[in-house]
Structures are given as C-alpha cells and as structure tokens.
Amino acid sequence: MSDGEGFFLEDRVDARGVDWKLLRRLLRYVVPHRGILAGALLSLACGTVCQLSGPYLIKVVIDRHVTPGNLAGMGGWVLLYLAALAGAMGFLYLQMYAVSVLGQRVILALREEMFARMERLPVTFFDRTPTGRLMTRLTSDVEALQELLSSGLVSTVGDAAVLAGTAAILLWMDPRLALVTFAALPVLVLFVELLKKRIREANREMRRKLARLNAFLQEHVTGVSVVKAFVQEGKSERRFDALNGEYAAESVRLTNYYSLYFPGVEMFATFAVALLLWRGGLSLLHGAVTFGTLVAFLEYAQKFYNPIKDLSDKYNILQSALASSERIFQVLDSDVSPEYAPVPGPALSRPSPPSRPSPPPVLPVPAVEFRDVWFSYPRPPAEGARADAEGPPVLRGVSFSLMEGETGAIVGATGAGKTTVLSLLCRFYEIRRGQILLFGRNIREIPREELRGTLSLVLQDPFLFSGTVLENVSVGGNAVDGALSVTGVDRFASEWEAGLSTRVGERGGQLSMGQRQMVSFARALSRDPKVLLLDEATSSVDPVTEHRIQEALGAILPGRTALVVAHRLSTVLAADRIFVMHKGKIRESGTHPELLAAGGIYRRLYSLQFLEASGT
Amino acid sequence: MIREAVDAVSAGRAGGAAAGEALARAVAFMALFAALNASFRFLARRSLLVTAREVEQGVRRHLFSHVIRLPLPFFHATPTGDVMSRMTNDLTAVWLFLGPGLLTLIGTSISWVMAVAFMLRISPSLTGLSLLIAPLVVLLSREYGRAFHRQHRLVQESLAGMNAALQENVSGIRLVKAFALEAREEERFGRQCREYYRHNLAVARTSAAFHGAIGFLAGAGVALVLYLGGRAVALGELTLGGFVAFNAYLAMLAFPTMAMGWVINLFQRGNAAMGRINEFLRRPTEFEGKGVAAPGVLPLPREDATGDAGEPPLLEVRDLTFAHETGGRGEALRDVSFSLRKGEVTGLAGPTGGGKSTLFSLLLGFHPAPPGTIFWEGRDAAEIPLPELRRRVALVAQDPFLFSESILYNVCFGRDALDPAAAREAVSLARFRDEVEEMPHGFESVVGERGISLSGGQKQRATIARALCSGAPFLLLDDALSAVDAGTEREIFDGILSVRGERTVLFSTHRMASLSRCDRILVLAGGRIVEEGTHDGLLSRRGAYYDLYSRQMLARELEDSS
C-alpha cells in the first residue's frame, strides 16, 4: 500500500514503535503553552514530594511515638502529615487542571489549524477523499491526541517521578530490603512484555473494525431513504450485525487480555510485598530494621508497583496518538491549492488594470479569455496510479473569448468538458497548458479573494447551508433584495409562515430541488458579480420557473458578463455568443443565426431536436 | 484484604514473640491468597466486561434497527452528524459506565464492606470515628454528580454541533471556495470548537476539584486514625499490629473512595449519553401501529392479472390533501385525485414546488397519507403494512444515492440476494451496460462513497437499473434523468417502455419529448392536478400543458447527435 493511499485506509495504526520525529513535531504544539506545562510539572513534582512524604511521616509517628508509647509531640507530626496530604491534593488539583487546559488548548489550536488548512486544499483532494475520512481526521484523531496530552504525557512523567522517587527513598532507608522489594520486577516486566504486543495488536484490529462499522453507519444514515424505498432494512441490519459482531469479538479479545493483565500485575506486586514481609519480618525479629521502617516499606512498595500497572496503557495511548498524529500531519502537510499562495509579480495590490510590461492594449480587453487551454483531471489514486498522475485530457486546446457585457452559452454533449471550463475559470483546478485571462489578467496573478469576488458561480448541485433562506442568500453579498425578487425566491418564501426565515435544513433538504436552485441562484446574484457563471442551474427546473429565471436574467444581464453551461435553447437564444463544445474542443462559435447559417454541428443539433419534437 | 489480615497476624506475632515459622506460614498464605485473588479478579473482570461489550453490541444493534425505521422526516430534521454522534460517542460513554465503571463500582463496594468489617473487628470506636467522613464524601459526590451531569451534556451537545458544522463544510466545499467563504467558515467552526473547549474545561475543573477534595477527605481519615489510634496504642488499648492493620485498611479505602469519583463521573456521562440515545429510541418507528392488525402477510399483487374492467385500478388517489408538518409552508397537495391502471406509463408534468416529490413520498409512505386517500388495488394504503407497500414500488429519486459497494451490489440492492443475470438485464434496460463492462472490474467495480467515481448521468442510470432490478411492479421516476442528455434519456425511456404492460410507471420529467410518449399525462401545479389526458388531447386543450409545451418547443433541448 503506497503512501498515496493513506487517506483511504481508515485506521492505518502503525505497527512500528515510537516514532521520535513525529513525537518531537507533536511536542512543538506544546511549546506555546510551556508556561502551563511547567506549572503542571511543578505541581506534579510538589504533589509527588508531598505524597511520598506521607508514609515516611507515618514511620516517624510509629517509631518515635507509638512504639515507645510517647504521646508528647505526636499531634504535631500528625498535623504535618495532614498538611502534606493537603498539599498533595492541592497540587493534584492544579496539575489535573493545568494538564486539561494544556491538552484542550493544543487540540483547539490543532483543530483550527487543520480546518484552515483543509479549507485551502485543492478541490481534487475533496474529489477523492470521502467525507467520513475527513471527519475522522478532525474528530477521533484529534481526540486521541488529546488523550495523550491530558492523561498520557504529564502523568507518565509523574509516574516516572514516583517510581524514581520511591526507589530512591527505599534504597536510602534500607538497601537490602529495597532490593527484596524490586525482586518481582524482572518477572513482572516479562509478563507485561508478553501481553503488551498482543494488546497492541488487538487494539489496532479493534479500531479498524470500529472504523468500518462507523463508515457503514454513516452511509446508511445518509442513504436511509434508499434503504426504506427498497425495503432493505432487514438486509442492512444483517450486514450491520456482521460488522458489529466482528467489532464486538475483537473488543472481547482485547478485554480478555486486559482482564489477565491487571490482576496479573497486581498478583506479582502482592508477591513482592509478601516477600518483603517475610524478609523484613525476619530482619525485624533480628532487630535489623525498626517496625516503622517495615510499615513504611509496605506503603512504598504499593506506590512502586501502581505506576507499572499503567505503563502498558500509557504505551497504547502513545501509540494510537502517534498513529493519529501521523494522519493529522498528513492533512497539515498536504499542499494548499496554488490559488492561496501569494500572487507572483507586482500586480498584487493593483485593483484592476493590467500592469504587465506589454503596451496597453488598444482593443478592448475581453472579460474572459481562454488561450489554448489543456487540462486533464488527476487520476484517482484508487486506480493504482500515483496520486498526481494525469487522466485523459478533458480540454484539448480550448480558446475563446467573451467581451464585457456579453452572455456566452456553452453547449455540447455530456462529458464534452463544459463544466470543466467553469471550474477552471474559478481556479478549482490548475490547467496543464495555456492561459486563462480575466479582464486581461492571467487568473494565476489575481489574488484569490479578488478572483472569486469577481466571479459568482451557480453549481449544478444546489448545495445550501443549514440555516435560513435569508442567511443562504446573503452569504453571497449585499444585493439581497434585488436577488430575492429577481429569482422569485421572495414570492415562494412569502407563502410560508416563517417567510425568509424558514430554515432550509441540512443541505437544504427541507426545500424542493427547484426551490433550492432558485435560492442558490439568488445567492449568486446577491454579490452583484462582474462575471456570472451558471452551470446547468436550470436543468431540473420546470419550464415555467425557468422562464421566470430567464426573464430575470434578461433584466440583470445587461452590463454583466455571464458564461452559461446551457442545455436549453431558451438560454442559448438569450446568449450573445454560443460556443459549441465537442470532445474537449470548441468546434464552433458565434451567434444563433450565424451558427444556423453556417450549417455545422449546431445546425444539425438544432434541426434534429426540432424534427424530433414535431414528429411526435 | 487478605494481605492485611496476615500482616496483622505476623506483625502481632513478630512483635510479641519470636516465631519465624509463623511468619513464613503467614507469608505463604498471603502468596496463595494473592494468586486466588488474581484468578477471581480475572474471572470477574472478564465476565463483567464481556457482558458490557455484549450489551453495547446489543444496544448498537437495537439503535441501528430502530433508527433506520424512523420516519424520513426525522432524518430531514436531524443532522447526520448528530445521529452519528449518538451512535458512536454516546454509545461509548454508555459502555464505559457499564464495563469499567460498573466493575470499579462493584470492586470498590466489596473493598469497602470487607475493609469496614475488618476494621470493626479491630476497633469499633476507631471505625466509627474514621467513617465520620463518609457522609461528607456522599454529599460531595452528589453535588459533584449534578454539576458533572449538566456539564457533560453540554460537552456532548457541543461535540455534536462541531461535527455537524464540519460535515456541512466538507460537503459544501466547492461553494465555500467559489464564494470565498473560508474566513466565515473558519469563524463558524472556530466558534463551535471554542464552545467545546470551554465545556471541556468546565468538566476538567470540576473533575480536578472533586479528585482533590475526595483524596483529602480520605487522607484526613488516615490522619485521624494515626493520631487517635497511636494514642490508643500508647495507652495500651490497641495492639501495635492492630493499629498497623487498621491504618492499612483505611489507606486501602482511600483509593476506592477516589475511584468512586471516577465512577460517578462515568455514571453521569453514561447517563447523559443514554438519555440522548433514548431520545431516539423513544421516537415511534414508521412501522409501529401500522398494518399490525392486518391478518397475516398479504401476497404481492399478481404479476399476470388481466386488466378486465371490473378490477379496481392498480393505484387510486382520492381527494388527497396534505401539508408538511414542519416549516409551515401550507398545503403541498390539495384535493389530488387520479387513478392508474396496470401497465400504464403515466407522465407527471408541472412546475417546481408543484407537489410532485411530495406525492411520491406519500405513495411510498415516507409521510403518512390520511386514511381513505390512497388505494392500491382497492385497498386503503393506510392499512397496508409499509414493507408490503414499498415492495410494490421502486423509486428512482432525483438525487441518485449509491452505496460504496460494487455496481452489482448497488443494482441488486432491492433484491434479497445478488443476481448477476437480473443485474445485467436491468443495466441493459437502463443503457448502462456498455459503460459498466468497460470498467476495469466490470460489475464488481466499487463506486466509492456516494458513487463518487461515477458521473452524474452514470449514477442516475445506476439508480434506474436498481429500480428495474428490484422487480417491483410499479416504477416511480422522480425527475430521474435530469443529468443525462436528451438522446440518452430517449434510449432509457425506450428501455422503460419495453417493459410497458408488465410494469406500471409514473414518470416525472420536464422533458416534453419523454412526456409525449407516455400513455397519459397528469399536470400537477400548485398542489392540484390541473390537467389530465393524452399528449395530443392536452395540446388541443391549449391549457397549462400546452403552455409548458410551447415554451419548451421554443426552448428545444440542444444535444449532440453523436
């Protein structure tokens, strides 16, 4: 599986160990919050000291006061114990809170950075990355990191500190007994190592199964109307059951390992304590150690073995966080669309006239001009090719120009490349060869905001944002009122109770297809664009509605350049120039009468349509 | 527990008399008990956690079954991200309580009871004193639980909101780019993120404070015992061993008491999550209370029925008036009446928003039609069980949805099993066969999420093939050919007409060329059937249909002939 396929593999949890480079990069996100981290570590250190002093204080109380029966001053020691405890808990609070703040801040920053990056990725990225995968990057993957940052990172440091501190204190108090305490350690390490690998594998497998389960779920929620229409609830359920069962089986396997793991570790720890008790008891009988020391030892031994228990868990968290961060960085490292790059050349801040060295053009500059444009879509990586491999050419040397104030209609069969022309003008994709000029400037030299502020696009699929009708229309710009009345949106909206404040639902699902198109049309008009781009926006609007829109266009088009991918003759007739596309080339262009008179493809198409219609 | 008992014994003996063997025996016991303890814990963990996993699996299954049976309007009103969130995050929260949470709860309860019992044996008065903190712990836990419940609900809600915002952005990315809305979207998403961040921090604060407070209370008990118990030993009221053991028991209680905080945390979260899940489960499914009374499963309509005059029409719609529940958009259909005979091909024309899609939804039972308005072969649709109703009808929707599976799977989606022969036939009728066979894997080619690897026209033809392949006697095509050119539409229509007589077809389109070839045409405008008749008959009436027609004659579709 090549790297290019990374995005298609839901949970490629890495089997390799800890990737330090990745970890270092991850830690870079912590750097801005180092104050908080330092605070967390400081409270951790103070808390650990307070915590570790507890058993020692108990030893002092027993040896100095309880055993000899001397009560004077004992209250002081007890108060000291209490103070140590209060300190430990106060620091625990600070540490826990600081760690959460740290984790959440890093996550917030990372999530916003990812989102900002995602917004600027080329359209091709979205063409080949399913929504569900992208969602996972910004949700579960980020959450896995959060777990590492808030419960893994600092507490691992804390555990290590407790381990080292305990070992040091034990060795200081009685080296021989300390060694006895550590005796169970090698066996324990062996046991942990044995299970660790299996746990890791089961964990990975479980995540993979869960990802598949969730992908299935998402798809069946989006496509629920199809499931219903074909009465396939039963079949979907059976398939879901199978995936669900696989996931459950894997999670049970993991549970079994864990069930063995925790009690096992505890058992070894208890063996260590028993050993300690035996050796210590004998020493006590010989008077080699005091009673208080033995009690303190027993307490410390517990503190020593507790962190070890969690080590495997911590390692898992680290592993899956690293796997997640690898996928996150993959998004962050994806190249942004070239249009977001700073515009080369000196034309950056000049508003409109071309400042290229060429002499000022004598002839009027066309509003839109394609000069020998070649283009092919990148081949989807699923077909086994490299991610940036080119597919077959879609445009093969397209040249045309449209003057300001003119309406151009592109006609031709499905797959002739009509939509592509509009996408290229919006700079959704980069062309392979040739030039695209907007009012005489190469679109590569026009800042993105300016480019897209000049153009206004009506997509084939009228996507609406959830929100009200009015919100959707005003996304485009300020000329809302005119846009609403021209498209007739205000007319049909006025029949609803909530009027323009009617909520359109997810993807505009509460509106009919035609209404959605009208709204998306109004949205495009509301920004009062210099160039209007229409992509078959009227294809599933009935003739009456379409006629209304055509009338509206008639009112709005003068003085505005428009390029329309047209399927209907009414649109074509309204155009000043018609471009007939065929297999990636512009074969004919001109006005309707000119093209008819020329007797080419257009003429043939026209008469064929006419004859067919009158024949029935 | 056992360890401490032994500890007390050995300590007592060791303090009193020199008895090495006793010590060795005690230690051996301790090791034995440790091994036994570990085995029991393994079994307990396993059985409890595995059961919890099974419960999780069961709930997930139940939830899925329930959700896919919820009425369609539910899905229009509920963002996908929200549905997903409940079926994933909330379910995990439930598991965390049922598994690890419950395990800890049981484990700590046993520890508590045992420890307290042993403590009572050693010194009832000390036990009473040290348990004085218990009510405080309970009180604290309850207050904490309340705060935590509230905060956690907010967290889950803001998470769902964040997911929904994200999902919407990804689906509408072209638009975002075309309108240069990146900054607006970032702001919107950022707001959701910050809200999520804020709620999470509130939880963290509460959680940290609770942990600290509980830990302190538990430790205070130890201090109390250290002081009072130490005094008792010094005064000879308590043996040293007893004192040590007592302290050890109390220390053992500290961890479970703190763990209780965690359990409460999990419980509240699980509870909040279960509440959200139950919100879905409480909604009635569209199958509930419908057709249950019908005696047995009714047979599908006979395929070879002779259309004699006495037989009721295949479909009759009588005075159907319908308004959508949401949106307050008035009546979508008003007094719609028409009937379709078996084997007829009927065209449905009319303006956008005229009620065509609503009519189709009602025929499929996506929205409940009022009783006595829709009749299938003389039977009131309101009394026909939904599965049976839908098995009669194959819908091709405006928006072609495919599953990320093979073409074969998608085409055979309406059948119980994969049937390559039937699929091939359906694909030929839908004029999609050549293209499928040219694909590298033919019928086994996977179409990608939502059919991402197919063109708009290919997706529509795939959905038509799916409808044809389902074998349903009644075909509903809801403007299903908008993305294919006129020539292809004509060919597909040829395919559909070739099954005329066997299948009854209701076909909505804006293309006159197809309408003119239908047996009959209904014109639906403003929620009413304004005209009905044959193409020629309607043209000669010079009414609404003629209007549509003449407009389109003027605006003939322009397509490449080659």
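If I filter region A:585-598 for residues that are surrounded by fewer than 20 Cβ atoms within 10 Å (Cβ to Cβ), at pLDDT below 65 and on the phi < 0 side of the Ramachandran plot, do I get at least one hit?
The answer is no; no qualifying residue exists.
Assess whether residue A:200 counts as being within 30 Å of residue B:394 (Cα to Cα) and part of a helix (DSSP H, G or I).
Details: within 30 Å of residue B:394 (Cα to Cα): no; part of a helix (DSSP H, G or I): yes.
So residue A:200 fails the test.
Within region B:517-549, which residues are over 23 Å from residue B:319 (Cβ atoms), touching a Leu at 6+ places or on another chain (Cβ under 9 Å) and facing another protein chain (nearest Cβ under 10 Å)?
B:517, B:535, B:548, B:549 - these are the residues of region B:517-549 that are over 23 Å from residue B:319 (Cβ atoms), touching a Leu at 6+ places or on another chain (Cβ under 9 Å) and facing another protein chain (nearest Cβ under 10 Å).
Looking at B:107, B:101, B:58, can you tell me which residue is within 10 Å of another protein chain (Cβ to nearest Cβ) and in a helix (DSSP H, G or I)?
Working: B:107 fails: within 10 Å of another protein chain (Cβ to nearest Cβ); B:101 fails: within 10 Å of another protein chain (Cβ to nearest Cβ).
None of the others qualify; the one that does is B:58.
Please give the number of the condition residue A:106 fails out of (1) under 23 Å from residue B:215 (Cα atoms); (2) touching a residue at least 24 places away in the same chain (Cβ under 8 Å); (3) of a type in the set (A, V, I, L, M, F, W, C).
That leaves (1) as the condition not met.
How many residues does region B:238-280 hold that are aliphatic (A, V, I, L, M) and not in a helix (DSSP H, G or I)? Even if it seems obvious, please write down each step before you answer.
Taking region B:238-280 as the starting set, the residues that turn out to be aliphatic (A, V, I, L, M) are B:238, B:240, B:244-245, B:248, B:250-254, B:258-260, B:263-264, B:266, B:272-274, B:277.
Imposing the further condition that a residue be not in a helix (DSSP H, G or I) reduces the set to B:238.
Here the count works out to 1.
Of the residues that make up region A:50-67, is at least one at the interface with another protein chain (Cβ under 8 Å from one of its Cβ atoms) and surrounded by fewer than 19 Cβ atoms within 10 Å (Cβ to Cβ)? Talk me through it step by step, then tell me what you get.
Of region A:50-67, the ones at the interface with another protein chain (Cβ under 8 Å from one of its Cβ atoms) are A:54, A:58, A:61-62, A:65-67.
The next check asks that each one be surrounded by fewer than 19 Cβ atoms within 10 Å (Cβ to Cβ); those that pass are A:67.
Yes, that holds for at least one residue.
Please determine whether any residue of region A:488-500 is surrounded by 17 or more Cβ atoms within 10 Å (Cβ to Cβ), more than 30 Å from residue A:337 (Cα to Cα) and within 34 Å of the chain's Cα centre (by Cα).
Looking through region A:488-500, at least one residue is surrounded by 17 or more Cβ atoms within 10 Å (Cβ to Cβ), more than 30 Å from residue A:337 (Cα to Cα) and within 34 Å of the chain's Cα centre (by Cα).
Quick test of your reading of the structure: residue A:527 fulfils all but one of (1) within 8 Å of chain B (Cβ to nearest Cβ); (2) crowded, with 18+ Cβ neighbours inside 10 Å; (3) without any contact (Cβ under 8 Å) to a residue 60 or more places away in the chain. Name the failing condition by number.
Unmet condition: (3).
For the list (1) over 30 Å from the mean Cα position of the chain (by Cα); (2) buried (at least 21 other Cβ atoms within 10 Å of the Cβ); (3) not polar (S, T, N, Q), I need the number of the one condition that residue B:185 fails.
All conditions pass for residue B:185, except number (1).
Return the residues of region A:501-515 that are facing another protein chain (nearest Cβ under 7 Å) and of a type outside the set (S, T, N, Q); say none if nothing qualifies. Please lay out each step first, then the result.
Step one: list which residues in region A:501-515 are facing another protein chain (nearest Cβ under 7 Å), which gives A:502, A:505-507, A:509-510, A:512-515.
The answer is A:505, A:506, A:507, A:509, A:513, A:514.
Could you figure out which of (1) over 34 Å from the mean Cα position of the chain (by Cα); (2) polar (S, T, N, Q); (3) within 12 Å of chain B (Cβ to nearest Cβ) isn't true of residue A:255?
(1)
Looking at the structure I just gave you, is residue B:152 closer than 28 Å to residue B:283 by Cα and touching a His at 6+ places or on another chain (Cβ under 9 Å)? Break it down into steps so the answer makes sense when it comes.
On the way: closer than 28 Å to residue B:283 by Cα: yes; touching a His at 6+ places or on another chain (Cβ under 9 Å): yes.
Taking the combined requirement at face value, the residue satisfies it.
Quick one: is residue B:160 farther than 24 Å from residue B:278 by Cβ and either surrounded by 19 or more Cβ atoms within 10 Å (Cβ to Cβ) or in the same structural domain as residue B:199 (by TED's automatic domain parsing) (or both)? Break it down stepwise before answering.
Numbers: farther than 24 Å from residue B:278 by Cβ: no; either surrounded by 19 or more Cβ atoms within 10 Å (Cβ to Cβ) or in the same structural domain as residue B:199 (by TED's automatic domain parsing) (or both): yes.
No; evaluated as a whole, the condition is false for this residue.
I'd like to verify a number: residues in region B:219-239 that are more than 9 Å from chain A (Cβ to nearest Cβ) and closer than 22 Å to residue A:91 by Cβ, how many?
1
Mind checking whether some residue in region B:224-236 is farther than 24 Å from residue A:80 by Cβ, in the same structural domain as residue B:172 (by TED's automatic domain parsing) and either touching a Phe, Trp or Tyr at 6+ places or on another chain (Cβ under 9 Å) or at pLDDT below 85 (or both)? Full working, then the answer.
The initial filter retains those residues of region B:224-236 that are farther than 24 Å from residue A:80 by Cβ, namely B:236.
Filter once more, keeping what is in the same structural domain as residue B:172 (by TED's automatic domain parsing): B:236.
Checking the rest, the ones that are also either touching a Phe, Trp or Tyr at 6+ places or on another chain (Cβ under 9 Å) or at pLDDT below 85 (or both) come to B:236.
Yes, region B:224-236 has at least one match.
What pairs come up if the first residue lies in region B:69-84 and is more than 7 Å from chain A (Cβ to nearest Cβ), the second is in a loop (DSSP other than H, G, I, E, B) and of a type in the set (D, E, K, R), and their beta carbons are under 8 Å apart, counting only those six or more places apart or on different chains?
Correct list of pairs: B:70/B:283; B:70/B:286; B:71/B:286; B:73/B:325; B:74/B:283.
Select from region A:20-43 the residues that are free of Cβ contacts under 8 Å to residues at least 60 places away in the same chain and touching a helix residue (DSSP H, G or I) at 6+ places or on another chain (Cβ under 8 Å) and write down the one among them that is surrounded by the most Cβ atoms within 10 Å (Cβ to Cβ).
First, pick out the residues of region A:20-43 that are free of Cβ contacts under 8 Å to residues at least 60 places away in the same chain: A:20-21, A:24, A:27-28, A:31, A:34-35, A:38-39, A:42-43.
Narrowing the set further to residues that are touching a helix residue (DSSP H, G or I) at 6+ places or on another chain (Cβ under 8 Å) leaves A:39, A:43.
Values: A:39: 18, A:43: 23.
Restricting to residues being free of Cβ contacts under 8 Å to residues at least 60 places away in the same chain and touching a helix residue (DSSP H, G or I) at 6+ places or on another chain (Cβ under 8 Å), the top hit is A:43.
So residue B:120 passes all but one of these: (1) more than 39 Å from the chain's Cα centre (by Cα); (2) not in a helix (DSSP H, G or I). Which condition number does it fail?
It is condition (2) that residue B:120 fails.
Based on this model, can you work out whether residue B:377 counts as under 15 Å from residue A:229 (Cβ atoms), in contact (Cβ under 8 Å) with a residue 60 or more places away in the chain and either touching a helix residue (DSSP H, G or I) at 6+ places or on another chain (Cβ under 9 Å) or not basic (Lys, Arg) (or both)?
Numbers: under 15 Å from residue A:229 (Cβ atoms): no; in contact (Cβ under 8 Å) with a residue 60 or more places away in the chain: yes; either touching a helix residue (DSSP H, G or I) at 6+ places or on another chain (Cβ under 9 Å) or not basic (Lys, Arg) (or both): yes.
No.
When the residues of region A:369-404 are filtered to those that are modelled with pLDDT of 70 or more and out of contact with any Ser or Thr (no Cβ under 8 Å at 6 or more places or on another chain), which remaining residue is nearest to residue A:577 (Cα to Cα)? Walk me through it before giving the result.
Of region A:369-404, the ones modelled with pLDDT of 70 or more are A:369-378, A:392-404.
Of the ones still in play, those that are also out of contact with any Ser or Thr (no Cβ under 8 Å at 6 or more places or on another chain) are A:374, A:376, A:396-399, A:401.
On the way: A:374: 22, A:376: 26, A:396: 21, A:397: 19, A:398: 15, A:399: 14, A:401: 10 Å.
Checking each candidate, the answer is A:401.
Can you name every residue in region A:506-560 that is assigned to a loop (DSSP other than H, G, I, E, B), at pLDDT 70 or above and under 21 Å from residue B:526 (Cβ atoms)?
A:510, A:511, A:512
Could you give me the residue pairs with C-beta distances under 8 Å whose first residue belongs to region A:167-189 and is in the same structural domain as residue A:297 (by TED's automatic domain parsing), whose second residue is of a type in the set (Lys, Arg) and part of a loop (DSSP other than H, G, I, E, B) wherever it lies, and which are 6+ apart or on separate chains?
Correct list of pairs: empty, since none qualify.
When you look at residue B:339, is it in the same structural domain as residue B:430 (by TED's automatic domain parsing), more than 27 Å from residue B:460 (Cβ to Cβ) and hydroxyl-bearing (Ser, Thr, Tyr), yes or no? So that I can check it myself, show each step before the final result.
Numbers: in the same structural domain as residue B:430 (by TED's automatic domain parsing): yes; more than 27 Å from residue B:460 (Cβ to Cβ): yes; hydroxyl-bearing (Ser, Thr, Tyr): yes.
Yes: the conditions hold for residue B:339.
Every residue in region A:44-60 that is over 42 Å from the mean Cα position of the chain (by Cα) and touching a residue at least 40 places away in the same chain (Cβ under 8 Å), please. Give the steps one after another, and end with the answer.
Taking region A:44-60 and keeping what is over 42 Å from the mean Cα position of the chain (by Cα), we get A:50, A:52-60.
Across region A:44-60, the qualifying residues are A:50, A:52, A:54, A:55, A:56, A:58, A:59, A:60.
Regarding region A:214-221, can at least one residue be identified that is crowded, with 18+ Cβ neighbours inside 10 Å, more than 27 Å from the chain's Cα centre (by Cα), modelled with pLDDT under 85 and in a helix (DSSP H, G or I)?
Of the residues in region A:214-221, the ones crowded, with 18+ Cβ neighbours inside 10 Å are A:214-221.
Checking which are more than 27 Å from the chain's Cα centre (by Cα) leaves us with none.
The answer is no; no qualifying residue exists.
Restricting attention to region A:423-482, and to residues there that are of a type in the set (Gly, Ala, Ser) and in a loop (DSSP other than H, G, I, E, B), which single residue is farthest from the chain's Cα centre (by Cα)?
Here is the first cut: in region A:423-482, the residues of a type in the set (Gly, Ala, Ser) are A:423, A:434, A:440, A:453, A:456, A:466-467, A:474, A:476-477, A:479, A:482.
Still in the list and also in a loop (DSSP other than H, G, I, E, B): A:440, A:466-467, A:476-477, A:479.
Values: A:440: 38, A:466: 20, A:467: 22, A:476: 25, A:477: 28, A:479: 34 Å.
For region A:423-482, the residue satisfying everything is A:440.
If I filter region B:174-188 for residues that are in contact (Cβ under 8 Å) with a residue 24 or more places away in the chain and either at the interface with chain A (Cβ under 7 Å from one of its Cβ atoms) or not in a loop (DSSP other than H, G, I, E, B) (or both), do I get at least one hit? Quick ask: steps written out before the conclusion?
Quick first cut of region B:174-188, residues in contact (Cβ under 8 Å) with a residue 24 or more places away in the chain only: none.
The answer is no, given that none of the residues of region B:174-188 is in contact (Cβ under 8 Å) with a residue 24 or more places away in the chain and either at the interface with chain A (Cβ under 7 Å from one of its Cβ atoms) or not in a loop (DSSP other than H, G, I, E, B) (or both).
The values are calculated or read from the model by the stated rules, or taken from the named source; none is laboratory data. Note that the coordinates shown come from a computational prediction; the quantities given were computed from them, not determined experimentally. Cβ coordinates were reconstructed from backbone atoms using ideal geometry, including for glycine residues, and neighbour counts include every protein chain displayed.
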